[in-house]
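Values in this text are rule-based calculations from the coordinates and carry no lab data. Given the structure is predicted, the values throughout are model-derived calculations rather than measurements. With ideal geometry, Cβ positions are generated from the backbone for all residues, glycine too; neighbour counts draw on all protein chains shown.
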């Protein structure tokens with residue numbers, strides 16, 4: 001039997017990058033960090049390289065900002081935030097005659 005090529009297998013084969021650490025040449029550093037020190041670069045916001053290529057600069061900044069605004073490591077577990085924020089719906093105004 002052959003195994004499916006999606007799901008977790010695909011997830012591990014993707015190249016993950018950190019949106020918060022852009023290199024001088026415009027590419028991104030690979031995901032992860034050597035020390036858990038929050039002093040210099042802040043907590044990483046990791047996404048697949050293909051997803052990062054489709055995001056606008058504003059979406060990238062927003063994702064990193066929202067990730068770093070949350071308290072990290074609560075209960076020993078990583079904190080996740082949505083990569084692309086959902087838009088807030090505008091309230092409809094009723095026409096009064």
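General remarks:
- Selection of the stretch 3-33 for residues being farther than 20 Å from residue 64 by Cα and loosely packed, with under 10 Cβ neighbours inside 10 Å yields 3, 4, 5, 6, 7, 8, 12, 13.
- Residue within the stretch 61-78 that is touching a helix residue (DSSP H, G or I) at 6+ places or on another chain (Cβ under 7 Å), surrounded by 12 or more Cβ atoms within 10 Å (Cβ to Cβ) and farther than 20 Å from residue 13 by Cβ present: no
- Residue pairs whose Cβ atoms lie under 6 Å apart, separated by 6 or more positions or on different chains, with the first residue in the stretch 55-84 and in contact (Cβ under 8 Å) with a residue 60 or more places away in the chain and on the phi < 0 side of the Ramachandran plot and the second loosely packed, with under 13 Cβ neighbours inside 10 Å and part of a loop (DSSP other than H, G, I, E, B), do not occur.
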